[in-house]
Amino acid sequence: MKIIIDTDPGQDDAVAILVALASPEIELLGITTVGGNVSVAHTTANALKTLELAGRTDIPVHAGAARPLRRAPVDAAHVHGATGFEGVDLPPPRLRAQAEPAAEFLVRTLASHPPGSVTLCTIGPMTNIALALRHAPAIASRIGRIVAMIGAWSEVGNITAAAEFNAYADPDAAAAVFASGIPIVMVPLDVTHRLQISAARLSRLRALGNRIGPVVADWFAFEKRFEAEKYGTDGGPLHDPNTILLLLRPELYEGRSVNVRFETESPLTRGMSVVDWWGVSGLPANALVLRTVDADGVFALLNERLGRL
Ligand code: RIB
Ligand code: CA
C-alpha cells in the first residue's frame, strides 16, 4: 500500500508515522505537514525528528499550510506542549524538509502514480488536501481513498462542545474534502474514545524492549495527562495511529457509509461534523464512518508493530 501521511505532530501523529514505518505492507511515499496542534514550523521539525528517531532519513517531508483556508489559526499546545512534542527530549533534527511545498508534492505525486493507487492518511487539519484540490481538481479522481482521523458523531466535540480539533481547526477544508467525491474512511472520536491508553496499556508499551517503547510511553503519558483529567478516565484516547492500524487490519473496525457534512459558519457549532447516521437527510453517503472497534486487538497490533522498530 502506497500512502502519504498529512500530519500536525503532535505525539500521537508521530506514533502513527512510526507504525507506518514499522509495517512492510506500507510504502510511505512522503509526509506533508500542516499547522494544527502547533505551528507548521514545529510540526515539520517534529516530523523530521520522528523519521530520525526511526532511522528513516529516506522519507521526504514537505511543509504545508501555516494557517487554515479562511479561519484564524487555533492550536492544541495545551494538550501537546509548546513544541507539540513534550514528554521526550529529542535533539533538533539534522534532516531538512524538501523545498517543494506540501500541496505541490501531493499534486505531483498523485499525478505520477496510477489512479487510485495512493491512500492519503490525514491526521491533522485538512488544509493541505483542500489546497491541492484547489490547485489541481483532477487529483480528486486519482486519490485511492482518504483515511482521516477527524470529526465525531455521538462523541460530538473535544476542542469545543460541538467540534473535534482537526475539523475545528479548518472547517472549510474539511467541508471541501468531504464534498470532493473522494472515497473517505472517517475515524471519529466515537472510535478513539473507545481506545483509552490506560496505565496497563502504557506499561506494556514501555516494556516493549526496544528504544521506541519508552519514547512512545513518555509521549502518551504527557499528551494524555490533559485528557485523563478532562474525561476522568484512566489515560486518554488513542487518536491518529488508527488511520494506519486500520490499513493493516480493517476487520478491527466497523462502521456505516453515511453522509457527513461540516458546519463552517456558525460561531456556536463551527467545525461540527454533521453525521447522518440514520439516513434522514436523503443525501448520498460520502464517507464510511467507523464507530465500533476491537480495542484489545488494536493495542495488540500497535505494540506488535512498534516492537519491530
Ligand atoms: O482530536 C484529535 C486530533 O487532534 C488528533 O489528530 C490529535 O493529534 C490532534 O491533532
Ligand atoms: Ca494530529
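Computed about its Cα centre, the charge dipole of segment 1-50 is approximately 140 debye, with only Lys, Arg, Asp and Glu carrying charge at their Cβ. Considering segment 174-309 at the alpha-carbon level, its Rg and Dmax are found to be 16.9, 52 Å.
For segment 220-292, the Cα-based Rg and Dmax, in that order, read 15.7, 43 Å.
Accessible surface computed residue by residue for the chain, with neighbouring protein chains in place and a 1.4 Å probe, gives 37 Å² per residue. Distance between the pseudo-spin-label points of ARG194 and ALA300 (7 Å out from Cα toward the beta carbon): 1.7 nm.
Taking every Cα-Cα distance in segment 83-130 and sorting them into 10 Å bins starting at zero, the pair-distance distribution P(r) comes out as 18, 38, 32, 12, 0 percent. The value of relative contact order for the chain, using C-alpha pairs under 8 Å at least six residues apart, is 20 percent.
Would you mind pulling out the separation of the Cα centroids of segment 25-88 and segment 218-255, in Å? So the separation of the two Cα centres works out to 18 Å. The listed residues LEU245, LEU131, once ranked by accessible area (1.4 Å probe) with the largest placed first, stand as LEU131, LEU245. Of the residues LEU205, VAL185, PRO237, the one whose Cα sits farthest towards the positive end of the charge dipole of segment 165-273 is LEU205 (charges of +1 on Lys and Arg Cβ, -1 on Asp and Glu Cβ, taken about the Cα centre).
What does the C-alpha gyration tensor say about the overall shape of segment 46-198? Classify as rounded when a/c is under 1.5, otherwise prolate if a/b is larger than b/c, or oblate. Cα axes put segment 46-198 in the oblate bin.
Of the trypsin sites (Lys or Arg not before Pro) in segment 91-156, the ones in a loop by DSSP (not H, G, I, E or B) with at most 16 other beta carbons within 10 Å are ARG94, ARG96. Its Cα gyration tensor gives the chain an equivalent ellipsoid; the semi-axes, largest first and in whole Å, are 26, 23, 19.
Here the label points at ALA77 and HIS113, each 7 Å from Cα along the C-beta direction, are separated by 3.4 nm in the simple model. Qualifying trypsin sites (Lys or Arg not before Pro) in segment 205-309, where qualification requires a DSSP coil assignment and no more than 13 other C-beta atoms within 10 Å, comprise ARG211. Using 0.36 nm per residue and subtracting the Cα-Cα separation, the extra length available between VAL274 and ALA140 on full extension is 46.0 nm. In this rough spin-label picture, where each label sits 7 Å from Cα along the Cβ direction, the SER266-MET1 distance is 3.4 nm. Maximal additional length on extending the GLU52-ALA207 stretch stands at 53.6 nm, based on 0.36 nm per residue less the C-alpha distance.
A DSSP coil position with no more than 12 other Cβ atoms inside 10 Å describes the following GluC sites (Glu not before Pro) in segment 1-98: GLU25. This model, with +1 at the C-beta of Lys and Arg and -1 at the C-beta of Asp and Glu, gives the chain a dipole about its Cα centre of some 440 debye. Measuring nothing but protein heavy atoms, the accessible surface of segment 170-249 at 1.4 Å probe radius is 56 percent carbon and sulfur. Here ARG225 and GLU251 are evaluated by their C-beta separation; at R0 = 25 Å the FRET efficiency comes out at 0.15. Ellipsoid fit via the Cα gyration tensor, segment 1-61: semi-axes of 18, 11, 10 Å, each the root of five times an eigenvalue, largest first.
The values are calculated or read from the model by the stated rules, or taken from the named source; none is laboratory data. Keep in mind it's a predicted model, so treat the numbers as computed, not measured. Because the Cβ atoms are built from the backbone with ideal geometry, glycine has one as well, and the counts that use them run over all protein chains shown. Just the protein is used for accessible areas: all its heavy atoms, side chains included, with ligands, DNA and RNA removed. Shrake-Rupley method; radii C 1.70, N 1.55, O 1.52, S 1.80 Å.
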